[in-house]
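The block underneath contains the structure these notes are about, expressed in structure tokens.
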Amino acid sequence: MKSIFFLILIFSCNTYKPTLDLVKSQLPKVPSNVEFAGERVPLEDKDVYERLERELIVNQNYHSSTILIFKNMARYKKQILSVLNENNVPDDFFYLAVAESALNPNATSTANAVGVWQFLQGTAEGYGLEVSSSIDERRNTFKATKAACRYLNEAYKEFGSWALAAASYNRGLKGMKDAVSGQKVNDYYKLYLNQETYRYLFRIIALKLILSNPKDYGFDLEESVQYEDYKFEKVLVKDSIPDLPDFALKNKSNYKELILHNPWIRTGKYSFEIGNGKTYEFLFPRN
């Protein structure tokens, strides 16, 4: 009986070292110099370093999610960056959208935040997005990005820091103002915050590092594996559409493609009511 026990012990010892080696090989690379939106991340602060390393470890090991985000990036990044640039918001905020929704226009949170930028209805309407029985512009990536830029510019004007502006996107403008005022520190990296906001910016930075340099984090991914972007024909509509499937067919498409590429249309019915004098832009794929 003892001999069997010792054999098991020897076998366990022989297999344990490779397991430790495997874990060590999976530890992520934390660059010596990291910036977010042109602002330096103070990695000499042990707490800051460890918080970033934690999010790199976590997100490096979300294999399926990370791969799918990387494959979808080509379909969204160019459009989102274009709007960010037009509104003087740094490119790094693209990764805030990644963190919020994994670039899924139909993403819905448990709190009923919707779209790539995860707007709540009241906030969305406050920033000019229409949410009605027929339309939910939180799912319109172009318009929702413009709305997000309005918020982020307001937050940056308030704090003078893109890091705090990003964190306030999670905590809320008032909540972040209260933290800055109460703790007398206008620096995200020196604030004590609720757990979600405490991790929030580091998750965004981790996603930026991993998706910008996937091979450094164990992903053998090239841009060639990304899904091809669509080319669209734009159709402007000012009047109600009584039959959406027929409308799609007349535009050399079908109802499925209409909804897939215009996710801001509420589903469940086959008509589209316009009663506010607005013009709506429909996209139809042409490649």
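FYI, it's all coordinate maths here, none of it is from the lab. No experiment lies behind these values; they were computed from the predicted model shown. Here the Cβ positions follow ideal geometry from the backbone for every residue, glycine too, while neighbour counts run over all protein chains shown.
Can you work out the FRET efficiency for the pair Thr123 and Arg75, with r the C-beta to C-beta distance and R0 = 25 Å, to the nearest 0.05?
Values: r = 25 Å, r/R0 = 1.01.
So, using R0 = 25 Å, E works out to roughly 0.50.
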So how far apart, in nm, are the two label points at Lys250 and Arg54 if each is 7 Å from Cα heading toward Cβ?
-> 5.7
For n ≥ 4 DSSP H runs only, could you compute -39500 (n - 2.57) per run for the chain, divide by its residues and tell me the 222 nm figure to the nearest 500?
-> -16500 deg cm²/dmol
Residue (of Tyr198, Ile57, Ile135) at the positive-pole extreme of the chain, dipole from beta-carbon charges = Ile57
Between Asp220 and Val185, what length in nm is gained on full extension when 0.36 nm per residue of separation is reduced by their alpha carbon distance?
-> 8.5 nm
Could you pull out the GluC sites (Glu not before Pro) across the range 23-92 that fall in loop regions by DSSP (anything but H, G, I, E, B) with no more than 10 other Cβ atoms inside 10 Å?
-> Glu44
Separation of the Asn88 and Glu233 label points, Cα + 7 Å toward Cβ, nm = 3.9
Please sort 181-188, 278-285 by packing, taking for each peptide the average over its residues of neighbouring beta carbons within 10 angstrom, highest first.
-> 278-285, 181-188
Sequence-separation-based contact order of the chain, relative, with Cα cut under 8 Å and 6+ spacing, percent = 19
Length gained when the stretch Leu68-Glu273 is fully extended (0.36 nm per residue, less Cα-Cα span) | 70.3 nm
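How much length would be gained if the chain were fully extended between Phe142 and Thr110, taking 0.36 nm per residue of separation minus their Cα-Cα distance, in nm to one decimal? All intermediate terms of the calculation are to be shown ahead of the outcome.
Numbers: separation 32, 0.36 × 32 = 11.52 nm, distance 2.35 nm.
Difference between extended and current length: 9.2 nm.
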Cα centroid separation - the range 232-287 against the range 81-133, whole Å | 21
Pull up all non-local amide H partners of Glu35: gap of 5 or more, or a different chain, and H-to-H distance under 5 Å with H placed in the peptide plane.
-> Val41
Using a 10 angstrom cutoff on alpha carbons, build the Gaussian network for the chain and name the most mobile of Ile205, Ile241, Ile57.
-> Ile241
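Go through Lys234/Lys269; Lys231/Lys256; Lys78/Lys208; Lys78/Lys190; Lys71/Lys174 and tell me which ones have a Cα-Cα distance over 26 Å in this structure. Each step should come with its number before you reach the end.
Working: Lys234/Lys269 22 Å; Lys231/Lys256 17 Å; Lys78/Lys208 15 Å; Lys78/Lys190 34 Å; Lys71/Lys174 36 Å.
Beyond 26 Å: Lys78/Lys190; Lys71/Lys174.
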Unit charges on C-beta of K, R, D, E only; dipole of the range 22-100, Debye | 500
What are the ³J(HN,Hα) values, in whole Hz, obtained from phi via the Karplus relation 6.51 cos²θ - 1.76 cosθ + 1.60 with θ = phi - 60°, for each residue of the range 46-63 in sequence order, with x given for Gly and Pro?
-> 4, 4, 5, 4, 5, 5, 5, 4, 4, 5, 5, 4, 4, 7, 5, 9, 8, 4
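Regarding the chain, what is the average projected area of its C-alpha convex hull, in nm²?
21.2
Estimate the FRET efficiency between Asn213 and Ile259 by the formula 1/(1 + (r/R0)^6), using the beta-carbon distance for r and 35 Å for R0, to the nearest 0.05. Intermediate results must be reported in sequence, preceding the final value.
Working: r = 35 Å, r/R0 = 1.01.
Rounded to the nearest 0.05, the efficiency is 0.50.
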Cα convex hull volume per residue for the range 111-238 (Å³) = 157
